[in-house]
Amino acid sequence: MQRPYFLYTVSLFTFLTCLIMIQGCQDEYPAFDDIELVYNISLPQDENGFYHLPLADSWQTIKRLSARLISMHAENRDSWQRDLVETIMIYWQSSHYWVLDDTLGYIVKRGLTDDLKYVNYDTVYVWGFAGQIVPTVNSQSYPANTKPTIYEVNTVFAPVQSMAGDTVTVWTYFWDLNTHYVEEKVQIILHGRLGSF
């Protein structure tokens, strides 16, 4: 006598669960606004779109690479949603890298004599990094809001002297608020001290 009641309860529970799941799957959230990435690099550019970077006299040249994310997201959303573009992780990747030798550098220990003159009394070598790969670009950054619809992203690009004459490709990519993959690239020709462009 309790068997039909049990089957009725299970059938009703299964039906209600399926109804809730089907109803829950039909809700669609409005799509977020598209995000456009535009490079803002302060280097000379030739007619073919290549940028040119003269290398410094030192081993490594440090250069900031900047880009802008342009989105109407802040204009088309409620105030509690306006900072979502700032939560997107921007990834940077370069075609070039260099490899460390076993000695990274050294530290000179200094001290004062009784006459209060500085004296170098020891040199400690920093070693053990043989084979470490050093990328020429920092790998991640977050955008910062500069204007209502413009967000700025930056990274550091640091090629070395042995790359003179090479063309380096830097890719910038991210997944936007709609989880669409966006990728752009820039190509930079590296010139040594005597190189001209």
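So if each residue of separation counts as 0.36 nm, and I subtract the Cα-Cα distance between Met89 and His191, what length gain in nm does that give?
Working it through step by step, the gained length comes to 33.6 nm.
Just to be sure I understand the model, the point goes 7 Å from the Cα along the line to the Cβ. What's the resulting Leu112 to Thr9 distance in nm?
Going by the 7 Å Cα→Cβ label model, 8.6 nm.
Order the peptides 45-56, 141-152 from the highest to the lowest mean number of other Cβ atoms within 10 Å of their residues.
141-152, 45-56
Karplus couplings for segment 143-149 from phi (6.51 cos²θ - 1.76 cosθ + 1.60, θ = phi - 60°), rounded to Hz, Gly and Pro as x?
x, 10, 6, 10, 9, x, 10
Tell me, what is the FRET efficiency for Ala56 and Arg77 to the nearest 0.05, using R0 = 30 angstrom and their Cβ-Cβ distance as r?
The calculated FRET efficiency here is 0.10.
Would you please give the residues with an amide H less than 5 Å from that of Phe157, counting only those at least 5 places away or on a separate chain, with H modeled from the backbone geometry?
Excluding prolines and chain starts, which carry no amide H, the hits are Lys63, Arg64, Leu65.
Calculate, for Val182 and Asn154, the FRET efficiency according to 1/(1 + (r/R0)^6) with r their C-beta to C-beta distance and R0 25 Å; round to the nearest 0.05.
Here the calculated transfer efficiency is 0.90.
For a Förster distance of 30 Å, can you work out the FRET efficiency between the beta-carbons of Ile70 and Gln161, rounded to the nearest 0.05?
After rounding to 0.05, the efficiency reads 0.25.
Any read-out appearing in this document is the output of simple, stated calculations on the displayed coordinates, not a laboratory observation. Nothing here was measured: the structure is a model prediction, and the numbers come from that model. So basically every Cβ, Gly included, is an ideal-geometry build from the backbone, and we count neighbours across all protein chains shown.
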